[in-house]
Every structure is written in C-alpha cells, then in structure tokens.
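What follows is a short report on a single structure.
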Amino acid sequence: MMKVILGGLITLSLAGHCFAQTYKPTDQGSLIGFVIKNFGINTKGSFSGLDGAISWDPLHPDQAVFDVSLDAATINTDNSMRDEHLKKEGYFDVQQYPRIHYKSTGVTGPDGSGHYTMTGQLTIKDSTKDLSFRFIVTPLGDDLIFKGDFSINRRDFDVGGTSTISNQLTVSLTVLARKQ
C-alpha cells in the first residue's frame, strides 16, 4: 500500500491501484524475425510495420495488455522473387489479410530467471490460435524492450499449403516500445 499526503491534510490510500504506462511498438530498434527450413536449409526472414499498444506496469504484470500487429506485406527473406510469392494467396494473401495480429489474454511472472509468460491469440489470415510464450522486459530510459520467441505450425494458419517448406517455424521478437 502506498499513502500520499496532500497538503499535510489528506491521506490518500492507493493500495491495489495499477499505474500502467502505455507504450507503442516501433519498427526502429525492433526485429520480428523467423526461421523456417526450406529443402532442409534454414531460411531466415523478417517483418516490419509494427503498430498497436502495450499497457505495462512492472508491479502488476498480470494486468498487462498487448495488442500489436505487423504488416504482412513487409515480409523480407532477402529474395524479392520469394517475397512476392509469399505475399500471394497460397501463403500470406496480403491483399485480403494485410495484418498479422496478436492480442494477449494474460501475463504471469516473473519466474526465478526473470522471464514472464504471455498467453494470447495470434491471428494470421483468418485463423486465430492460442499462443503462449516466455519473454523478458528490459528498461531503456523511458522505453521498454520486450524479447521472446516461440514456434508455430504454419499449416495451423493455412500458410503454404502442401509446400516443401517445413511445417514448423521459429519466431524471434525484439520489440522496442516507446512510452506514450
């Protein structure tokens, strides 16, 4: 419980109140990367176009809210022909589904190693799946850096059909969130 004395006359109890700050994810200083096997060879890529809002109070992480998305058309594998192919209907279908979206439903932690666990829902195209992953938070002045990674099955999101690429891919997040 925190008490504040105003003008020496009034005591205000602030026990149980959340003082969450709002942050905006930014492309500058962030990296949303992925690795997937294609013909047995690791293929790396990234996305940008981050947008959304993050509400975070380190004293009450259980009240955090992450509502973020990225621009699916920004896929970059350092191969422009492959990138154009991945933007088409059989993969990300960026014309019809321009954003990849994640919304948290809960945060727990930190654990003994300083990691938090976030649960939420990931939407790619018209498929939404539950997704939980561990992450860490590092202050950077008034801003925060969130880092974590997770694996997903691309077929759960109808990406790539029966393509020769692996079904499993790993996503690595480093998100710089600026205090608003």
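I'd like to verify a number: residues in the stretch 150-160 that are of a type in the set (Lys, Arg) and either farther than 17 Å from Asp93 by Cβ or surrounded by fewer than 16 Cβ atoms within 10 Å (Cβ to Cβ) (or both), how many?
Total meeting the criteria: 1.
Scan (1) assigned to a strand (DSSP E or B); (2) open to solvent by 60 Å² or more (accessible area, probe 1.4 Å) for the single condition Thr123 breaks and write down its number.
Against the list (1) assigned to a strand (DSSP E or B); (2) open to solvent by 60 Å² or more (accessible area, probe 1.4 Å), Thr123 comes up short only on (2).
Yes/no per residue for (1) hydroxyl-bearing (Ser, Thr, Tyr); (2) within 22 Å of Ala53 (Cα to Cα); (3) open to solvent by 60 Å² or more (accessible area, probe 1.4 Å):
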{"position": "Tyr91", "(1), (2), (3)": "yes, no, no"}
{"position": "Thr108", "(1), (2), (3)": "yes, yes, yes"}
{"position": "Gly112", "(1), (2), (3)": "no, no, yes"}
{"position": "Thr117", "(1), (2), (3)": "yes, yes, no"}
{"position": "Leu140", "(1), (2), (3)": "no, yes, yes"}
{"position": "Thr162", "(1), (2), (3)": "yes, no, yes"}
{"position": "Leu173", "(1), (2), (3)": "no, yes, no"}
{"position": "Gln180", "(1), (2), (3)": "no, yes, yes"}
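Looking for whichever is surrounded by 14 or more Cβ atoms within 10 Å (Cβ to Cβ), within 23 Å of Ala53 (Cβ to Cβ) and charged (D, E, K, R) here; the options are Lys147, Lys129. Which one fits? First the steps, then the outcome.
Details: Lys129 fails: surrounded by 14 or more Cβ atoms within 10 Å (Cβ to Cβ).
Just a single option satisfies the conditions, and that option is Lys147.
Would you confirm whether or not the stretch 94-101 contains a residue that is under 16 Å from the mean Cα position of the chain (by Cα), open to solvent by less than 70 Å² (accessible area, probe 1.4 Å) and not basic (Lys, Arg)? Before the answer, list the steps.
Narrowing the stretch 94-101 to residues under 16 Å from the mean Cα position of the chain (by Cα): 99-101.
Subsequent filtering for residues that are open to solvent by less than 70 Å² (accessible area, probe 1.4 Å) retains 100-101.
After this cut, where a residue has to be not basic (Lys, Arg) as well, the list is 100-101.
So far as the stretch 94-101 goes, yes, one or more of its residues are under 16 Å from the mean Cα position of the chain (by Cα), open to solvent by less than 70 Å² (accessible area, probe 1.4 Å) and not basic (Lys, Arg).
Does Val107 count as under 22 Å from Ser132 (Cα atoms), modelled with pLDDT of 95 or more, in contact with a Ser or Thr (Cβ under 6 Å, 6 or more places away or on another chain) and among the aliphatic types (A, V, I, L, M)?
Details: under 22 Å from Ser132 (Cα atoms): yes; modelled with pLDDT of 95 or more: yes; in contact with a Ser or Thr (Cβ under 6 Å, 6 or more places away or on another chain): no; among the aliphatic types (A, V, I, L, M): yes.
Here the answer is no, as Val107 does not meet what is asked.
Collect the residues in the stretch 40-73 that are free of Cβ contacts under 8 Å to residues at least 60 places away in the same chain, more than 27 Å from Asp142 (Cβ to Cβ) and out of contact with any Pro (no Cβ under 7 Å at 6 or more places or on another chain), keeping them in residue-number order.
Gly40, Ile41, Asn42, Lys44, Gly45 - these are the residues of the stretch 40-73 that are free of Cβ contacts under 8 Å to residues at least 60 places away in the same chain, more than 27 Å from Asp142 (Cβ to Cβ) and out of contact with any Pro (no Cβ under 7 Å at 6 or more places or on another chain).
Against the condition among the small types (Gly, Ala, Ser), part of a strand (DSSP E or B) and out of contact with any Pro (no Cβ under 9 Å at 6 or more places or on another chain), how does Gly160 come out, does it pass? So that I can check it myself, show each step before the final result.
On the way: among the small types (Gly, Ala, Ser): yes; part of a strand (DSSP E or B): no; out of contact with any Pro (no Cβ under 9 Å at 6 or more places or on another chain): yes.
Spelling it out, it is not the case that Gly160 is among the small types (Gly, Ala, Ser), part of a strand (DSSP E or B) and out of contact with any Pro (no Cβ under 9 Å at 6 or more places or on another chain).
Could you list, ordered by first residue, the pairs with Cβ atoms under 6 Å in which the first is in the stretch 148-160 and farther than 11 Å from Val171 by Cα and the second is part of a strand (DSSP E or B) and of a type in the set (D, E, K, R), at least 6 apart or interchain?
Cβ pairs passing all conditions: Asp156/Lys129.
Looking at (1) assigned to a strand (DSSP E or B); (2) closer than 22 Å to Ile41 by Cβ; (3) in contact with a strand residue (DSSP E or B) (Cβ under 6 Å, 6 or more places away or on another chain), which is the only condition Leu131 fails?
(2)
Can you name the residue in the stretch 2-39 that is open to solvent by 60 Å² or more (accessible area, probe 1.4 Å) and at positive phi and, of all such residues, is modelled with the highest pLDDT?
Applying the filter and picking the extreme gives Phe39.
Where residues in the stretch 59-101 are in a loop (DSSP other than H, G, I, E, B) and of a type in the set (A, V, I, L, M), which of them is farthest from Asp126 (Cα to Cα)? Before you say what the answer is, go through the steps one by one.
Of all residues in the stretch 59-101, those in a loop (DSSP other than H, G, I, E, B) come to 59-60, 64, 77-79, 87-98.
With the extra rule that they be of a type in the set (A, V, I, L, M), the set shrinks to 59, 64, 94.
Values: Leu59: 35, Ala64: 25, Val94: 12 Å.
This residue is Leu59.
The values are calculated or read from the model by the stated rules, or taken from the named source; none is laboratory data. Predicted model, so just to flag it, every value in this text is computed and none were measured. Heads up, the Cβs are rebuilt from the backbone with ideal geometry, glycines too, and the neighbour counts pull from every protein chain shown. Heavy atoms of the whole protein, side chains included, go into the accessibility calculation; ligands, DNA and RNA do not. Shrake-Rupley method; radii C 1.70, N 1.55, O 1.52, S 1.80 Å.
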